[in-house]
1. Could you count how many residues in segment 882-893 are under 14 Å from residue 929 (Cα atoms), modelled with pLDDT under 95 and either in a loop (DSSP other than H, G, I, E, B) or open to solvent by less than 10 Å² (accessible area, probe 1.4 Å) (or both)?
2. For segment 902-917: of the residues being aliphatic (A, V, I, L, M) and either open to solvent by 20 Å² or more (accessible area, probe 1.4 Å) or in a strand (DSSP E or B) (or both), which is farthest from residue 849 (Cα to Cα)?
3. So the check is Cβ under 6 Å with 6+ separation or different chains; which pairs have a first residue in segment 742-764 that's charged (D, E, K, R) and a second one that's at pLDDT 90 or above and in a loop (DSSP other than H, G, I, E, B)?
4. Only one of these is touching a Leu at 6+ places or on another chain (Cβ under 8 Å), at negative phi and either modelled with pLDDT of 90 or more or of a type in the set (D, E, K, R) (or both): 588, 626, 639. Name it.
5. Would you check if there is a residue in segment 403-423 being part of a strand (DSSP E or B) and open to solvent by less than 10 Å² (accessible area, probe 1.4 Å)?
6. With respect to the numbered conditions (1) part of a helix (DSSP H, G or I); (2) of a type in the set (A, V, I, L, M); (3) open to solvent by less than 20 Å² (accessible area, probe 1.4 Å), which one is the sole condition not fulfilled by residue 632?
7. Being part of a loop (DSSP other than H, G, I, E, B) and either closer than 30 Å to residue 230 by Cβ or open to solvent by less than 10 Å² (accessible area, probe 1.4 Å) (or both): is that true of residue 400 here?
8. For segment 247-331, list the helices (runs of 4 or more DSSP H) that sit wholly inside it and hold at least 3 residues that are open to solvent by less than 30 Å² (accessible area, probe 1.4 Å); which are they?
Amino acid sequence: MLSDANLYGAMSNNMSRTQVSRATNLNNLKAAPAGSQTGSATEFNLGRDEHSIVGTDTSKPGDLVELRTSSSRMPLLAIYLGYYGDRNHFYASNGSWNMSRGFSSLFTVSNFVKPAELEPLLSKLSADATVEDFEKMKEEETGPSREDAKALIEKMDAFRAEAEAVYQRNLANLDAAHKVLSTTSRARYMSLFQMANTLLPESMQVDGEVPAAALYAVHTALARNEFGFQPISSSRALHRRDQLYEVLPLNQTNIVDKVTLLVRQYTIAMSRSTLTGSDAELNKTALAKFLEQARIAVQNSRKIRKVTSFGVLQSSNGGTIPKTEWLPISRDVILFLELWASYGLFESSPRLHSNGTMILRALGAYDDMPLNQATAWTFLQEIGHIMPWEVPSRYKVRFPGTEIVPGGGLRRDEPSIEASRRPDIAAGVRQDITAAVFCIDATTTRVIDDGISVERTDVKDEFWIHIHAADPASGIKPNSELCKYMELIPDNIYLPGHFQAMLPAELGHRDVDYVSKSLVEEYSLQQDCPALTFSAKVNRHGDVLDYKIEPNTLRNVIFMEPEDVSRFCLEPRPKLSRGTELEVGQKRTGSDYVPKRKMVLAKDLDQAQKDDVLLLHELTSAIKNRRLQKGAWPYFFPRPAVSVQFDQTPPTAGADEISIPADPYIHVGMESSNGSALVSNSMVLAGEVAARWCADRQISVPYRRDAYMGAQHEEALAYAQGELYPGIREGIEPSMSQRAVLGRLTGGIELAAEPGPYFLLGLDMYAKATSPLRRFGDLLVHWQVHAALAHERATGRRLDVAADDLDTVLAFSRRQLADTLPLLQLREKLGRAAGRAVSDWMLMAVARALQQQQQQSEALLPERIVFTVDTRLREGLLGHLDLFGLDAIMDVDGLDGRMLVKDVRVADQFEVALSDINVHAGQILVRALRRIGPAAEQQQGDDQGQVCRPAAQ
């Protein structure tokens, strides 16, 4: 039976348990789709940008949200009250005040109630109260009451009634939503607005917009569809167009229905065979044919690889297994299991989960394992459908318009390169840059898209800093096939073993022409290459005095390594946490990549070039200090670094065999360097120049800004500089709770067509612009800038919004960008989610190390592992390990009778042993060995006091 509790994030029982609204426990709210998330509560810094600091989905008090729990089929409407005591607070339509450590709503109506209407409830919630205080208030029923929320409940009930009336009037279309919206063989991606325009009559619109209640009726229809619609993103606000659904194709839904029927037939035949004592009828079922083939395939696999309960097969040196010629019915069942185990598409359907479980039980190969999605994933590995080291999290992130390639990256329809090219838009006007341009990138970097130079002026202590960016926009048409191709994956995804480029390195290279270059080779910075240069005139105090953007040609490019530049500039070396290093598998010698460019050491520069580097470092450091005064984040802590090497000599397989290479070598450690501050500070400066130059001309580009537009700037500055940043400077990494406080003051980061303040960078405005070969947003900036520069050259004057029609002058109109930016932000978020799959490699390494220790008594893991409590739930504790910051769970059994859950506090620490690892679920279970730290000392003192206390007289 499915568990009622959901500590482990697994499917909970919502079939047999009570479904009345008052029985719904909202302490564990359903998370949003995996692909839409910005990170877990204890995620390490995966990016050197705003999204490793704060998230971007922030609700405001007064918003109407829909809440769902995995243990209930009944959604609840609720009013978001705010964040107090490390918890989100809601008042639900069922008359209950609820708290949750996290939530993500698939339906939100912003500003549903006015602040004054919240006062009776908020007056009972103190900002200084703790979780324990609030839990006590709930027990004593002294918190917000039904009487306090009477007006809110009536308003929510009226909204639901209006939505239900819309549903009933359009019952035929809404109940058949999937048939109306789906195609035969390809997934569609549609917003709620697009689906509403198709499913509802046009007469329902008010001023050209579908009312919120009607949208909720459509949303309800999608949620009631057991399998057919997959939400891609959560809803930050109802007016946003970036809330997409994947409409699954009919061929997939038909297979799910077909396999459901096969399981039902098999179950009936099995019941009859129990009564008759004969398996004759059972063996005639269609599912039995699959089971026969699958059992043989599993037996063949286990000749070279044993099964484990960790979600991965036991390590092996490779080999071959017989290839199975699967029957059509077997291929359908395998696809069903893939949809269940890989893509997680049955989240809302316990019935479909039970079908997968029934297939595994009938297979009879996993008697000692839980019959869940992780075991189905193991089965797919055993039959050779996926490799034993496939990264499961990749399948949870669905990029619209792409397909996941097993063992590879993402597949897109290739564009026409020739039709997407144009002559250099800046031909004949580029100025030669003969000064030394320093391109500072690691030796292994293949895409060189930025460089830096300095120019002295006639005024003492005033200089021009030039940041030169690669210039593919000059030769690629905006709105072309190639433009749309890159927009699908708008950021490079740096996942070991599955690197995915926005612009693949081979794209543009013609096999028939051996001298042709790919687009990346053509536009990467090199000698005599084109560049778009963002320049700032600055002084030694860090003031930006002037700025400009010009197309140039670079004549003197020097390639250097970041760590060498950092040492040469005597940058203070942070105390990097070396932590634990873990490696499993056989490491190959040598490197797969030999750079074509010549690397130059700082000591080999001539004196003038050395002076330039030191001057650039001095000037950019002064600019950074100015930003720090305005609240810029002072320092990024080192993160875990993962490298993977695959077996390059897999066993030779015959025509009827599948070759299984040896398991890859995995190395996990901590970053040894933060790179060069000169580079990071220069790139931020270029982003400021790009934003200011475009804002002066009222040009719409992807500006990155605080969602709250600085409305609480003073509060954010006081909190950051008073509480957060002093700890960072002392080497104490902020907790996710502290980061969340800052995020609620700034609203997180959003893309917008108009500029605004960016608190975490200490800037009034900002637009990324230095990586157009790796980021689509930067390309958009370049296309707009080039169009503006071309117009200014043609007219001989500056672009003027009063005299020029910007929508015809620029590459993208304001309306185009308004439609593009929400989806670009969604895709960037999906890219970050895909990059976080690096934690799967870490879990695989830990699982393989644990296997080896159990089999060979070889100590690969540290002797002492510490678990720090991040969240306390009734069912157990959530926290993280000092082993690469990995998340972990300590349930009641894991406490091992040492203490009660209620006696544990957030930040308490335990020395633990690893009990179980599930790579597929991304989970580690730990068992407490002993409590450590101040809490343990206090407990020990209390225990001694109880023992030594004299008896009462």
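The values are calculated or read from the model by the stated rules, or taken from the named source; none is laboratory data. Owing to the predicted nature of the structure, the values given are computational and were not obtained by experimental measurement. Backbone-built Cβ (ideal geometry, glycine too); neighbour counts: all protein chains shown. When the accessible area is computed, the model is the full protein with side chains, heavy atoms only, and any ligands, DNA or RNA have been set aside. Shrake-Rupley method; radii C 1.70, N 1.55, O 1.52, S 1.80 Å.
1. 1
2. 906
3. Note: pairs meeting the criteria are 750/707; 764/757.
4. 639
5. Within segment 403-423, none of the residues are part of a strand (DSSP E or B) and open to solvent by less than 10 Å² (accessible area, probe 1.4 Å).
6. (1)
7. It is true that residue 400 is part of a loop (DSSP other than H, G, I, E, B) and either closer than 30 Å to residue 230 by Cβ or open to solvent by less than 10 Å² (accessible area, probe 1.4 Å) (or both).
8. The qualifying helices (runs of 4 or more DSSP H) are 250-276, 286-301.
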